[in-house]
1. Of the listed peptides 130-140, 310-320, 175-185, what is their order by residue-averaged count of other C-beta atoms within 10 Å, with the highest listed first?
2. Determine the dipole magnitude for the range 16-329: charges of +1 sit on the beta-carbon of Lys and Arg, -1 on that of Asp and Glu, nothing else is charged, the reference point is the Cα centre, and the result goes in debye to the nearest 20.
3. Quick one: compute the contact order of the chain, relative version, from alpha carbon pairs under 8 angstrom and 6+ residues apart, as a percent.
4. Among 262-270, 141-149, 22-30, what's the highest-first ranking by average C-beta atoms within 10 angstrom per residue?
5. For Leu227, what residues show an amide H to amide H distance below 5 Å, using hydrogens built from the backbone and excluding near sequence neighbours?
6. Can you tell me the FRET efficiency between Ala255 and Val92 if r is taken as the Cβ-Cβ distance and R0 is 30 Å, rounded to the nearest 0.05?
7. What residue among Val158, Gly315, Gly83 has its Cα farthest toward the positive end of the dipole of the range 16-329, where the charges are +1 on Lys, Arg and -1 on Asp, Glu, each on the Cβ?
8. Determine the distance separating the Cα centre of the range 135-183 from the Cα centre of the range 284-315; give it in Å without decimals.
Amino acid sequence: MTGPAHHTTHHRLLSPWVLPIGAAVLSMWLGQLLGWVSPLLVALALGALATNAASPGLRRHLDAVTTAGVGTLMLRLGILLIGFRLSVDHLVAIGVRGVLIAVLTVAISLTTTRWLGRRLGLDDDLAHLLAAGVSVCGAAAIATVQDGVRAKQRHVAVALALVTVLGTAWIAVIPLLAGMLGLSDLDAGIWAGASIHEVAQVVAAGTLLGPTALAVAVSVKLTRVLLLAPVHALAVRSARTPGTDAVPLVPWFVAGFLVAALLRSTGLMPAMLLTGLDAAATFMLAGAMACLGLGIIARSLWPLPWRAVTVAVLGTCTVTVVPLALVLLT
């Protein structure tokens, strides 16, 4: 039967995809146009603007997007596809020193931020989100960990807002301090890649530092991203409570992320294919961020809880000071 009922059903099946796909396309275009703006953060902002300006009719559509699980699916596919950006070549490019600084920075900042959260009485799931966000790769890490620790929607929104603001500020802070300290291009690049939250923010800061520092910064940052899998597993293990359904330590999309990185490392994949997979990863993650943005309700977000602000700021300071100390000492 192909009457009106069929078209209505077809429309309902397609409608939850309209906003995330549209937001992904628009954010990628703006990211390419402006250069330094992360499409993921643009999509997050678009989702937040849509939900806060929504009429009752649009509100029902946005709720349908959330309940349909579109964002979850796009997020998982996007994380899997990120793996194709990673290669052992990035580890070789920065050497043993750069790899050790990246790994130690993530380990110390993750542990410290979690400890600060416990000391200040922060909800456990929010502490996990902030620790992953400041230690690994900002919004993408928060989005990856949220299901594993069964995070509340408001806590996800708070973590995204804090990590986004702090990471954006560091685009200017790190190059300024690197110049004041007289760091070499190599050391400045290592520091930027090990301390700034988002990949796009690292690119922006690296551009200010110069082409040599930019290449090093991106390689160090991608080394941090590679640690997303063990960080996810640690967060899930720590968040498990007796009597609840177990969340896999390494879910299918994180396992796919690791397999993708291994495939990229073989050197057998054509450059054109890798370019397409990179764009697909950005598209999927941007759509997922738009869906996450739907949960950022301004009236419920403000005022930001002081404990969360304190942990986010101190965690960001940790991920800044630790690599700088390691750079100066080595």
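1. On the way: 130-140: 29.3, 310-320: 22.0, 175-185: 15.2.
Taking the mean over residues of other Cβ atoms within 10 Å, the ranking is 130-140, 310-320, 175-185.
2. Roughly 560 debye, rounded to the nearest 20.
3. Reported as a whole number, the value is 35 percent.
4. 141-149, 22-30, 262-270
5. none
6. For R0 = 30 Å, the calculated efficiency reads 0.80.
7. In the range 16-329, that residue is Val158.
8. Between the Cα centre of the range 135-183 and that of the range 284-315, the gap is 10 Å.
Laboratory data are not the source of any read-out in this text; all were calculated from the coordinates shown. If you're wondering where the values come from, they're calculated on a predicted model, not measured in any experiment. Neighbour counts are summed over all protein chains in view; Cβ atoms, including those assigned to glycine, are modelled from backbone coordinates with ideal geometry.
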